[in-house]
Amino acid sequence: MSSPFSTPNSLDPEAGFTQTPSVAQAANDLRAAAGEKAREFVHTAEEKATVLKDRAIETAQQFRDTASERATQFKAAATEKANAFKAVATDKAQYFKESATEQWQDTRVKAKELHVTAEDYIRQNPTKCVLSALGVGFLVGLIVRR
C-alpha cells in the first residue's frame, strides 16, 4: 500500500524504506489541488451567472410583454370609454340644441303675440297710452336727476 504523499518511485513501506514527500512537493500538490478547485469554482460560478443572466433576460422579456399587453388593453379601454363619452356628449348636445331651438321658437311666438296685443291696445286707447308714457318718462327723469 502506498502513502498518498508518496511518489510513484517510492519504495514499498513493508520493506522499511519509504520516501516522504518534500515540503515543496506537498505545496505544489496543494497548489495544484487549489487551482483545480478554483477552476471548478470559476466554472460553476460562470454557469450560475449564465443561468441567472438567462433568467433575468427571460423575466425582463416577460415583463416587457406583459406591460405591452396591459398598455394595449388600457388603450383599448380608454378608447372605448372616450367613444362612449363622445356619444353621450353628442346626444346631450343635440338634445340641448333642440330644446333651445324649441324655446327660442316659443319665445318668438310669444313676443309676436305680445307685440300684436300691445299694438291693438295702443290703437284702442291712444290717449291713455300717451299720458302713461309721459308719466313714466317724467318719473324716469326725476330718478335720473338725483
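Conditions (1) assigned to a helix (DSSP H, G or I); (2) modelled with pLDDT of 95 or more, marked per residue:
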| site | (1), (2) |
| --- | --- |
| 21 | no, no |
| 32 | yes, no |
| 47 | yes, no |
| 58 | yes, no |
| 104 | yes, yes |
| 107 | yes, yes |
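Enumerate the pairs (first residue in segment 99-125 and surrounded by 10 or more Cβ atoms within 10 Å (Cβ to Cβ); second residue anywhere and in a helix (DSSP H, G or I)) with beta-carbon separation below 6 Å, excluding pairs fewer than 6 apart on the same chain, so at least 6 apart or on different chains.
Listed by first residue and then by second, the contacts come to 122/129.
Which numbered condition in (1) at pLDDT below 85; (2) surrounded by 10 or more Cβ atoms within 10 Å (Cβ to Cβ) is the only one that residue 14 fails?
Every condition holds for residue 14 apart from (2).
Please specify each residue of segment 126-146 satisfying the condition of being surrounded by 10 or more Cβ atoms within 10 Å (Cβ to Cβ) and among the β-branched types (Val, Ile, Thr).
If the condition is that a residue be surrounded by 10 or more Cβ atoms within 10 Å (Cβ to Cβ) and among the β-branched types (Val, Ile, Thr), then 130, 136, 140 are the ones that fit.
The values are calculated or read from the model by the stated rules, or taken from the named source; none is laboratory data. These numbers come from a predicted model, not from an experiment. Cβ: placed from backbone, ideal geometry, glycine included. Neighbour counts: every protein chain shown.
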